[in-house]
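As structure tokens, the structure follows; a few thoughts come after it.
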Amino acid sequence: MVTERGSSAWRQLSGGPAAMGTVDLKEGPSAVAINMMLIVRPEQKGQRDRQTDSAGLQGDGNGNNRPQPAQGRDLSGQRASEEPYKQRQTITSYTNEGTQVTVEVHPRNTTPQLFKKLSFRKGSQRLPNLRGQDNKAFERTEAPQPPSGKDLHAYPWDKSSLKSMPVDLQQFEKLDAYALKVNVNSSVEELVQALLKQARTDLEKVRVIWMWICHHIEYDVVGFHDKSQRLCSPIDVLRRGKSVCEGYAALFQQMCSIAGIQCMKLSGYSKGYGYTIGQVFKGDSSHAWNAVYLEGRWHLLDSTWGSGNVDKTSDKFTFRYNEFYFLTHPALFINDHFPNNSNWQLLKPALTLKEFETTVMYNSDFYKLGLLTVHPDTAIIQTVNGTATISVDCRSSTLFTFSLKGREKHGLLSLRKHGMKLEIYPQSTGRQELEIFAKSSNSPENVYNCVLQYVVECKSVDKSVHFPKDLDQPVGPSWFSERQGFLRPSQPDPVVHTNDGRCSFTFTLGKDISILPTLQSDNSSLTEDRRRQHIMQIHRGNQVEFLVHLPHAGKFVLKFFAKKKSDPGNYTYVFNYLITCLNNEVKWPAFPQTYGKWANDYEILEPLSGLLPANRNVQFKLKMHGISKVLVQAQDTHTLTLSRDGFWEGTCNTAGCTELFVMVHENANHSFYSHVLKYTVETP
């Protein structure tokens, strides 16, 4: 997204503010000399909004003049005759040097009614055939009319469409492809003539001009920083293939005019290249864009921002077409474009400059990804007791992440079915930048685009809040984990608090998947394998329960990885929880160690602790199916019996041993046993 401080190119014609003389109008082999007065009054720099000069040109507040009826005086400042104009004739001529002159010829002693524009161009050109088919592309446009009530759109946005008029982009595919192939830079007229060969309607004409500029004119970063290097006239922009926004808008306006489309070049403030969040706008305009008149209404577009963007760090421009800024809905366009003349907001009610300055920085990807609203919608957020909350609503399932002061570790982001919620906890006072990124859940690329930008003002830090480094965003179950097969979670919130150090997580499995849970902590001396033994996985039909016994107080991250049972590949990360325990008395031992023969649908009812007391009788109750015999091996071997309700039960004494094993005999015809569980016995 790019913008720059606007500038106007002023060209003084020889002879001062007005030039008089004899003009030879040539057409065909003969030349007709017409003795007449030719008056040229260039626009005066510093002209204020809607100021009318004696030449009949009225400023629209955006650096553009439109013809106005003479207000009772002629071009010399004398009161005009009230007698109707008679015998007026309009003549257009092209010279071999490529000069186009359009004038009105009046009898002597009469006053011209309208001031006509003259175009002077140097160099040889192929001139259009004024009598043939070529001339259809060079229609004379009517004087642009200012916006009226029918042009206005309601604010805020009604969430209906990103465009200000119905547009079927699929119908533009061939036209867009054609525009990209046209390669003409000799003259603007010849370029327009070539482009309009495939355009029939006014909308198609605007589209083909827009597409050509967006894909052939690059942003002039050097010119942005050095005004002396800027060239903004349409022919200069065309021949150099680069310019700043003033040149983009001027070229677009002239091409539309040649094509017979009413077009205005607008100026104002913008939130683009060089903008800082919360900035107060003062002084000259910083950007230029266009308005076009289609199907009875004015519409807004910005070919500069449609062409690509400038990287902040490298200061290099990259072509990256952006459809969003073509006929953008005015209620969305106002988010980053504020015209000098509020009428060109095309909104009812219009926004004030203060409202524009304080509104959050929406990037175009916010709307392109189907996002709808955000809270808060102010550019600057102030924390309360060290925290602040941001929420986004959207139509479709969208993935989010964030960066606070360059890191994503000082917050909790949770996904919702139609949006997300973010709680941030800055770790330092002062102003810091918050960026929110998003991507479509259907995108095959793991690329997140920035959609919102805030400045966070933090007056105090909540030192009690600290997040483990292994915590990944987003946190907690969501529509995304549901897609991976984790349905109906018993713990819907991203953070689980436990006082006694125990908690349980139950899901209904929507897919035939294998699940691998892990437990992470910043201040634990246990290895990853030992921490994993503090999780017990129990399957009951299509439900799965995960029992967690924490080894100590603190903050833990419970991560879930999954894969299809038929897939021999690796497990893929799905989501995680944050578990907190403030009770320093908590010190749960690990669950018994399981072996490969321990099936997912086996269950331990007792003993759940993997650490057994010494010299004690321990009661066993296990649920295992398809087993013919179960033994518990300690100092002595003990046999468990199968009860009527399907549990293997019995007692074993731990005297004289440091380890205890549970073994199963799967087939009565086999003589060997398989280890399924291992317990550790405390040292007496």
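Mind putting a number on the dipole of the range 611-674 about its Cα centre? Charges go on the C-beta only, +1 for Lys and Arg and -1 for Asp and Glu, and I need it in Debye to the nearest 20.
Taking the Cα centre of the range 611-674 as origin, the dipole is about 140 debye.
Sketch the reach of a paramagnetic label on LEU605 as a point 7 Å from Cα along Cα-to-Cβ, and name the residues of the range 631-670 whose backbone nitrogen lies under 16 Å away.
Taking a point 7 Å out along Cα→Cβ of LEU605, the residues of the range 631-670 whose backbone N falls under 16 Å are 640-652.
If you add up the charges near ASN183, with Lys and Arg at +1 and Asp and Glu at -1, over every other residue whose beta carbon is less than 13 angstrom from its beta carbon, what do you get?
+1
Would you please put 487-498, 442-453, 240-251 in order of how densely packed they are, using the mean number of other Cβ atoms within 10 angstrom per residue and starting with the highest?
240-251, 487-498, 442-453
Short version: ³J(HN,Hα) in whole Hz for each residue of the range 195-207, in order, from phi by Karplus 6.51 cos²θ - 1.76 cosθ + 1.60 (θ = phi - 60°), x for Gly and Pro, what are they?
5, 6, 4, 10, 10, 10, 7, 4, 4, 5, 5, 4, 5
Express in nm, to one decimal, how much length is gained between ASN667 and ASP472 on full extension, taking 0.36 nm for each residue of separation and deducting their alpha carbon distance.
65.7 nm is the gain from fully extending ASN667 to ASP472.
Just to verify a number: FRET efficiency for HIS225 and HIS497, C-beta to C-beta distance, R0 = 45 Å, to 0.05?
0.25
Using all C-alpha to C-alpha distances in the range 527-684, build P(r) with 10 Å bins and read off the rounded percent in each one.
For the range 527-684, the binned pair fractions read 9, 34, 34, 19, 3, 0 percent.
Over the range 259-366, what lengths in whole Å, largest first, do the semi-axes of the equivalent ellipsoid take, defined as the square roots of 5 times the eigenvalues of the alpha-carbon gyration tensor?
After diagonalising the Cα gyration tensor, the semi-axes are 22, 19, 12 Å.
Ranked highest first by average number of other Cβ atoms within 10 Å, how do 212-222, 263-273, 607-617 line up?
263-273, 212-222, 607-617
Between VAL384 and THR641, what is the spin-label point distance in nm, taking each point 7 Å from the Cα along the Cα→C-beta axis?
If labels sit at VAL384 and THR641, their model points lie 6.5 nm apart.
Once you put a point 7 Å from the Cα of THR580 and another 7 Å from the Cα of GLU545, both along the Cβ direction, what distance in nm separates them?
Spacing of the two 7 Å Cα→Cβ label points: 2.7 nm.
In whole Hz, with x marking every Gly and Pro, tabulate ³J(HN,Hα) for the range 335-349 from phi via Karplus 6.51 cos²θ - 1.76 cosθ + 1.60, θ = phi - 60°.
Computed from phi, the couplings for the range 335-349 are 4, 9, 10, 10, x, 4, 9, 4, 4, 7, 5, 6, 10, 9, x Hz.
Determine, for the range 531-626, the count of lysine pairs separated by eight or more sequence positions (or lying on different chains) whose alpha-carbon distance falls under 26 Å.
Total qualifying Lys-Lys pairs in the range 531-626 comes to 12.
Antiparallel DSSP bridges in the range 366-458: what percent, to the nearest 5?
90
Round to the nearest 0.05 the FRET efficiency obtained for ALA655 and LYS587 when R0 = 30 Å and r is the Cβ-Cβ distance.
Approximately 0.75, to the nearest 0.05.
Which length gain, in nm to one decimal place, applies between LYS181 and SER628 when the Cα-Cα distance is subtracted from 0.36 nm times their residue separation?
Going from the current span to full extension adds 153.2 nm.
How long is the gain from THR508 to ARG431 if the chain were fully straight, where each residue apart is worth 0.36 nm and the alpha carbon distance is subtracted?
Difference between extended and current length: 23.3 nm.
Values quoted throughout were computed directly from the atomic coordinates according to the rules given, and no laboratory measurement underlies them. Quick caveat, the model's predicted, so the values are computed rather than measured. A quick note on method: Cβ atoms are made from the backbone with ideal geometry, for glycine too, and the neighbour counts reach across all protein chains shown.
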